[in-house]
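Asks: Got a structure here, written out as structure tokens. Questions coming.
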Amino acid sequence: MIIEQGSSVRLHFRLSLPDGLVVDETFGDEPLDMIIGQGDMVEGLEQRLLGLAPGDRRRFEIAAYEAYGDANPDSVQEIARADFPSEEPPVADTVMSFQMPSGEEVLGTILSVDDERVLIDFSHPLAGHDIIFEVEIVAVDGEESP
């Protein structure tokens, strides 16, 4: 059984930056279940998984434009410093979760902080970064490696 569009795939993965910083991984934990073509992972990775079978291990270097794209300058917003709770002060170069008026939770990277304002980039935190995915295919459409 090989991975095709629409396949149900169970896999382990490690997502890292070229400098070796591990951003997320499932090795040593429960594998991820996904369906190819539903956008569970970036398209650049999903396309590279096509044709793999249970037991296959691969390492993919994916350019920013195939992963999370470039940072969007229109996604940078200024928020009053007073709008942040004193018990959770904003810190430059950190990623925080923000609740939108619709109730949706989004991540933002704090670019700078001063006494009056906080500058936040709401682009995906990995936008503009090349990424490395290491994967091990556990099962395809319920069929595991022998």
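Asks: Just give me the residues in region 79-105 being part of a loop (DSSP other than H, G, I, E, B) and not charged (D, E, K, R), in sequence order.
Replies: Phe84, Pro85, Ser86, Pro89, Pro90, Val91, Ala92, Thr94, Met100, Pro101, Ser102, Gly103
Asks: With within 29 Å of Glu143 (Cβ to Cβ) and under 21 Å from the mean Cα position of the chain (by Cα) as the only criterion, which of Asp74, Asp29, Asp70 stands out?
Replies: Within the list Asp74, Asp29, Asp70, the selection yields Asp29.
Asks: Separate question: If I filter region 106-126 down to residues being part of a strand (DSSP E or B) and open to solvent by 40 Å² or more (accessible area, probe 1.4 Å), which single residue comes out as farthest from Tyr68 (Cα to Cα)?
Replies: Checking each candidate, the answer is Arg117.
Asks: Considering every residue within region 20-41, establish whether at least one is surrounded by 12 or more Cβ atoms within 10 Å (Cβ to Cβ) and on the phi > 0 side of the Ramachandran plot.
Replies: yes
Asks: Within region 66-73, is even one residue open to solvent by less than 40 Å² (accessible area, probe 1.4 Å), out of contact with any Pro (no Cβ under 7 Å at 6 or more places or on another chain) and more than 30 Å from Leu50 (Cβ to Cβ)?
Replies: no
Asks: Now for a different question. Within region 76-90, is there a residue that is closer than 22 Å to Leu21 by Cβ and among the hydrophobic types (A, V, I, L, M, F, W, C)?
Replies: Checking region 76-90: not a single residue is closer than 22 Å to Leu21 by Cβ and among the hydrophobic types (A, V, I, L, M, F, W, C).
Asks: Given region 1-57, what strands (runs of 3 or more DSSP E) lie entirely inside it while holding 3 or more residues that are closer than 14 Å to Phe133 by Cα?
Replies: The qualifying strands (runs of 3 or more DSSP E) are 8-16, 22-25.
The values are calculated or read from the model by the stated rules, or taken from the named source; none is laboratory data. Since the structure is predicted, the reported quantities are computational estimates derived from the model, not experimental observations. Neighbour counts are summed over all protein chains in view; Cβ atoms, including those assigned to glycine, are modelled from backbone coordinates with ideal geometry. Each accessible area value is taken on the protein alone, full model and side chains, heavy atoms only, with ligands, DNA and RNA left out. Shrake-Rupley method; radii C 1.70, N 1.55, O 1.52, S 1.80 Å.
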